[in-house]
Amino acid sequence: MSRLLRGLKTVLQTSPANSHHYHTIQAIPRECTGSRISSRDRAQGRIPAVVFSQALLDKNPSSRSPSRKQLLTTEGKQIRSIVKSVELPFFCSTTFQLQIRAGSGSSVLLESGRVLPIKIHRDDETGKILNLVFVWADEGTELKVDVPVVFKGLEDCPGLKKGGYFNMIRSSLKFQCQAEHIPQKIEVDVSKLDIGDRVLMHDIEVHPSLKLLSKNESMPICKIVPIYSENSEPTKA
């Protein structure tokens, strides 16, 4: 029977989530939508985007707040630079300052605030960024966010040194938390796991304001299994 590792040391990286204050995304409004208009914007070096309150996605209409929905275009060169700097998949767990100006190069600021990217659409063949979806992430705003899990200490893991196999079951965890407490990533130290050990969702130590959105917090996110288990005969009852 698999053993459950107790006293697992986990590290929650919170500072990188809000350390990109120097990245201020510049955008301008767009009034129309459609594939032809979007293609024109991309040809001009811009990326179509939209920003709204995440509550708009709530299935219960009564809980929806005013949308603050804005259709935008962003500067393609700037977005590509930011994505390269922050690195995927951390782009969608990092908040940024957004400035909406009256026009390209305009000094007239129409609206500003912090935002969280929730979707980045790419071309399947070229990988080119096609459009972006943001939600407002002002301080105190409750958001649901998928936080990437990064596993550290694989090179020191005794279970792997004995010939075990690292089975990553979850690459991210969904949390509800205030925008200012969104962690860019969660680092899990697996350097002490032996064969048969596993890490469960509720083993992860996070900021008290983070609420794990899972129906079963006893589900594993990773485990060390013997390689032979994949080809072994099933145990008879």
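The values are calculated or read from the model by the stated rules, or taken from the named source; none is laboratory data. Quick caveat, the model's predicted, so the values are computed rather than measured. Backbone-built Cβ (ideal geometry, glycine too); neighbour counts: all protein chains shown. When the accessible area is computed, the model is the full protein with side chains, heavy atoms only, and any ligands, DNA or RNA have been set aside. Shrake-Rupley method; radii C 1.70, N 1.55, O 1.52, S 1.80 Å.
The table below gives the values:
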read-out	value
Where a residue in segment 131-151 is farther than 28 Å from M168 by Cα and its partner, wherever it lies, is part of a loop (DSSP other than H, G, I, E, B) and open to solvent by 40 Å² or more (accessible area, probe 1.4 Å), with Cβ under 6 Å and at least six apart	W136/R68
Close pairs from segment 59-83: first over 24 Å from E142 (Cα atoms) and open to solvent by 100 Å² or more (accessible area, probe 1.4 Å), partner β-branched (V, I, T) and at pLDDT 95 or above, Cβ under 6 Å, at least 6 apart	none
Residues that are in contact with a Lys or Arg (Cβ under 8 Å, 6 or more places away or on another chain) and open to solvent by less than 80 Å² (accessible area, probe 1.4 Å), drawn from segment 141-155	V145, D146, V147, P148, V149, V150, G153
Tally, over segment 25-43, of residues that are within 22 Å of L109 (Cα to Cα) and open to solvent by 60 Å² or more (accessible area, probe 1.4 Å)	2
